[in-house]
Amino acid sequence: MWLHQEIKNVADIARHHARTSPQHTALIDPAGRRSFADLERSSNGIASSLRAHGIAAGAHIGFLGKNSCRYFELLFGAAKAGCSIVPLNWRLAEAELRAVIIDAQCPVVFVDREFAELLDRVRASCVQAFQIVSFDSSSAAAGELEAWVLAGDGRDPHVPIHPDDTAILIYTSGTTGQPKGVQLTHGGLGYMRLCEHLEPALKQDASDVLLTAMPLFHLVGTGLSLQALYNGATVSLLPVMEPGALLKLLARDRPTICALVPTAIQMLLDHPDASRADFSSLRLVMYAGSPISSALLKRALLEMRCSFMQFYGATESSGALTLLRPEQHDVHNEARLRACGTPLPLIDIEVRDSEGRPLPDGQTGEFWVRAPSLFGGYWQQPEATAAVLQDGWYRSGDAGYRDHDGLYYIVDRVKDMIVTGGENVYSAEVEQALCRHPAVRQCAVIGLPDEKWGERVTAVIIARDGQQPRVEDIIAHCREYIAGYKVPKEVRFVGSMPMTATGKVLKRALREELLRQSAPQARAIVA
């Protein structure tokens, strides 16, 4: 549905459904259920308390925790106070988390008790002071949050919200390894709902239950959940993707829609309890992060007996850009399954060359995107913003082509991004960590095909003369500086690498060379 009169900003989602369907279940997590009336009441309390604690409109409110109802209470509460939520990636290393909090200038961070000690260490070594308010997502009791909220009067402050105001600040790592805060605006997120309203494959209503297993610090988790709540549907939150727990939620909450990466679909079907699971409530599985193989799709269709739909998008676009719709999932057409689909309504995608000139169908270039849902720029990074936003178009950094049927295909990452298990990993960030090891003279990080993860992060290292570092030491070293999913799953030691005349590693040639080799010289697999 398109509630353009009733819902003009993110905060209005809670307000509208609290008026029209107050007792309908909005959210479910391990601690219990929240109706839309509950969500309205708790978010009002948070909004009024933010104001009472002197936190002005425009501030960035940090959230550090796994998927839970608390996140949405804080998201809507922050929006009502004219602030924006910053969902922090709990998988980051301490140094990475500190960098994000400093960059976002969060005056307060709400933290689940599971990560309270980590946040205490971050604050102790942080040049910027910020308040910490803890909560317990496993309990209906709010903990410190309950006392903190008492400072306010519990009423919605109704702070004026402009469409260009930031609602959510989501951090992604750039190719330089520096964090970039993507400013998602109320207007952009609202236009995304219109795009979805015009797309029949994305129709939802109050009878639907979305199972959110994707982390909320990614736009996929937050964005799809907001789409469901906008339409008055229920969101069932899985704290972290674990196949056994997901199967239990299927039985308990009977979701109609679920979003997963192909790796998670594989893990789910491989679980010992999958053969006894009841998938009958599901009508649609959405997946992203990488294409699905015909073998996995055939198995999933047979065992889950529902429709499948792939979507491709970017944090900077506030959501999906293309869909490979259920009717386009032909298990007998492997080539089509590699497509990322066709654009949603109101979204234009052009394939352009390095000079920004449009290319004909069949030729590979960079995806340029024009959409009413584009982000408001990178927080305090005008040069980075100007590099990707040009004349109303967003340069995605993804390389691909369009075929003669209008289907789009991604063939590479212009920015050397690796997609592993649905997580985005930038090679430069991993290379920076590797280069801090005293035995590493030169390194390059690439993604190699992997049946389980889609791509595995592979480090190629030239050791310093006289040094023979152990794979285990390299892995342990990386874990000190980067999140676990960014740590190389494979390490290879070489004597030389293909180089350009200007001294840069030819990664495409390096990738082809490694794929031709029958066995690596050294390998470490990280869970």
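Here, each number is a calculation from the coordinates, and none is a lab measurement. Everything numeric in this text was worked out from a predicted model, so none of it was measured. Glycine gets a Cβ as well: all are built from the backbone with ideal geometry, and neighbour counts include every protein chain shown.
Can you tell me the Rg and Dmax of the range 205-263, counting just the alpha carbons, in angstroms?
When restricted to Cα atoms, the range 205-263 yields Rg and Dmax of 10.7, 30 Å.
Just the number, please: Stokes-Einstein D of the range 1-159 in µm²/s, Kirkwood Rh from C-alpha pairs, 25 °C, 0.890 mPa s.
So the translational diffusion coefficient is about 154 µm²/s.
Across the Cα atoms of the range 236-382, what radius of gyration and what greatest pairwise Cα-Cα distance (Dmax) are found, in Å?
17.8, 55
Okay, helix-only estimate at 222 nm for the chain: each DSSP H run of n ≥ 4 adds -39500 (n - 2.57), divide by all residues, round to 500 deg cm²/dmol; what do you get?
My calculation for the chain gives -9000 deg cm²/dmol from helical runs alone.
Which length gain, in nm to one decimal place, applies between residue 127 and residue 473 when the Cα-Cα distance is subtracted from 0.36 nm times their residue separation?
Stretched fully, the residue 127-residue 473 segment lengthens by 121.5 nm.
Could you give the angle, 0 to 90 degrees to the nearest 10, between helix 11-20's Cα long axis and the longest principal axis of the Cα atoms of the chain?
50
Roughly what % of DSSP beta bridges within the range 11-240 run antiparallel, to the nearest 5?
Taking every DSSP beta bridge within the range 11-240, about 35 percent pair in antiparallel fashion.
Can you give the three extents of the C-alpha atoms in the range 417-516 along their principal axes, from longest to shortest, in whole Å?
37, 30, 22
Can you compute the modelled spin-label distance between residue 496 and residue 139, with each label point 7 Å from Cα toward Cβ, in nm?
6.4
Counting Lys and Arg as +1 and Asp and Glu as -1, what is the net charge of the other residues whose Cβ lies under 9 Å from the Cβ of residue 122?
+1
Take the Cα atoms of the range 359-424, build their convex hull, and give its volume per residue in Å³.
Cα convex hull per residue, to the nearest whole number: 122 Å³.
Per Stokes-Einstein, at 37 °C and 0.692 mPa s, what whole-number D in µm² s⁻¹ belongs to the range 156-239, with the Kirkwood radius over Cα pairs as the hydrodynamic radius?
Here the translational diffusion coefficient equals 228 µm²/s.
Calculate one ³J(HN,Hα) per residue across the range 28-42 by plugging θ = phi - 60° into the Karplus curve 6.51 cos²θ - 1.76 cosθ + 1.60, and present them in order as whole Hz with x for glycine and proline.
9, 9, x, 7, x, 10, 10, 7, 5, 5, 4, 5, 5, 5, 5
Kindly state, to the nearest 0.05, the FRET efficiency for residue 52 paired with residue 387, given R0 = 56 Å and r defined as their beta-carbon distance.
0.90
Taking the Cα atoms of the range 24-64, report the difference between the largest and smallest coordinate on each principal axis, in whole Å and largest first.
Principal-axis extents of the Cα atoms in the range 24-64, largest first: 32, 22, 14 Å.
Evaluated at 37 °C with a viscosity of 0.692 mPa s, what Stokes-Einstein diffusion coefficient in µm²/s does the range 92-153 have when Rh comes from the Kirkwood expression over alpha-carbon pairs?
265
What is the range 429-470 by shape, rounded, prolate or oblate, if you read a ≥ b ≥ c off the alpha carbon gyration tensor as root eigenvalues and call it rounded for a/c under 1.5, prolate for a/b larger than b/c, and oblate otherwise?
Prolate is the answer for the range 429-470, as a/c is 1.5 or above and a/b outweighs b/c.
In straight Cα distance, which lysines are under 27 Å from residue 486, not counting same-chain residues fewer than 8 positions off?
Cα-Cα hits under 27 Å: 66, 180, 415, 452, 504, 507.
For the range 399-409, take each phi angle, set θ = phi - 60°, evaluate the Karplus expression 6.51 cos²θ - 1.76 cosθ + 1.60, and give the result in whole Hz per residue in order, putting x for glycine and proline.
Going residue by residue, I get 9, x, 8, 10, 8, 6, 8, x, 7, 9, 10 Hz, with x marking Gly and Pro.
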